[in-house]
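Let me begin by presenting the structure, written as structure tokens, before commenting on it.
The values are calculated or read from the model by the stated rules, or taken from the named source; none is laboratory data. A quick note: this is a predicted structure, and the numbers were derived from the prediction, not measured. Backbone-built Cβ (ideal geometry, glycine too); neighbour counts: all protein chains shown. The area values use the complete protein model at the heavy-atom level, side chains included, leaving out ligands, DNA and RNA. Shrake-Rupley method; radii C 1.70, N 1.55, O 1.52, S 1.80 Å.
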Amino acid sequence: RVRAALPARRRRGLARIPGRTGRSAQLARVLTPAAGAATAAVCLIALRKPVIVTWLYSAAFRDAATYLRWTLVGDYLKVASWVLSIPILASAEMRLFLIADLGAYMVFAGGTAAASHFRGAAEGTAIAFVLMYAAHLGITGTIAWLRYGFRPCRWTTLIWLAGLIAVVAASAATWKAR
């Protein structure tokens, strides 16, 4: 409704791009560098997490680096899910946006309850964070695919998957780092 209120010449960004192909290409142009930047940032933080935690907080918080092994993977997923949320926001479809967010938070709540029984409250919450953004990515990706015609090109898909593998590998390599 907001979009309809604006004349076509005054719409900005993704909302003014005509057709699914143009919007899909624009999303890929955003997702590709976002995946690269997120990969670099998350891997750097994963590899230096004890130093970063000590620098930002204090040595007393070094044990918290254990939970970063989970949340950094969730952060990588979050970047992609936010990019795929752009067409929902650009189209002012707030119900869809709310459904995506509420679905993700329901997964977070359920995941926290379930994982906490096996790994403790703090680590269970960190695991649920990954599950939440995996769900959010799945929901926003499905909406972008079905409603907005998002079809990532092979290059975008490869970059994103390579980034995910790099983030998981960096997390695994520093699994015990404190």
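Going by the conditions given, is Phe108 surrounded by fewer than 16 Cβ atoms within 10 Å (Cβ to Cβ), more than 18 Å from Ala28 (Cβ to Cβ) and aromatic (Phe, Trp, Tyr)? When the stated conditions are applied, Phe108 does not pass them. Residues that are of a type in the set (Gly, Ala, Ser) and farther than 21 Å from Arg20 by Cβ within the range 90-115 comprise Gly103, Ala104, Ala109, Gly110, Gly111, Ala113, Ala114, Ala115, listed in sequence order. Among the residues here, Thr66 qualifies as assigned to a helix (DSSP H, G or I) and within 23 Å of Gly163 (Cα to Cα). The listed residues are Arg147, Arg154, Arg119, and the only one of them that is open to solvent by 40 Å² or more (accessible area, probe 1.4 Å) and in contact (Cβ under 8 Å) with a residue 24 or more places away in the chain turns out to be Arg147. Taken together, Leu77, Leu102, Leu96 contain a single residue that is surrounded by fewer than 14 Cβ atoms within 10 Å (Cβ to Cβ) and under 30 Å from Tyr148 (Cα atoms), which is Leu102. Annotation: of all residues in the range 35-63 being in a helix (DSSP H, G or I) and more than 19 Å from Ser171 (Cα to Cα), the one that is most open to solvent (accessible area, probe 1.4 Å) is Trp55. Scanning the range 88-114 for residues that are small (Gly, Ala, Ser) and under 15 Å from the mean Cα position of the chain (by Cα) yields a total of 3.
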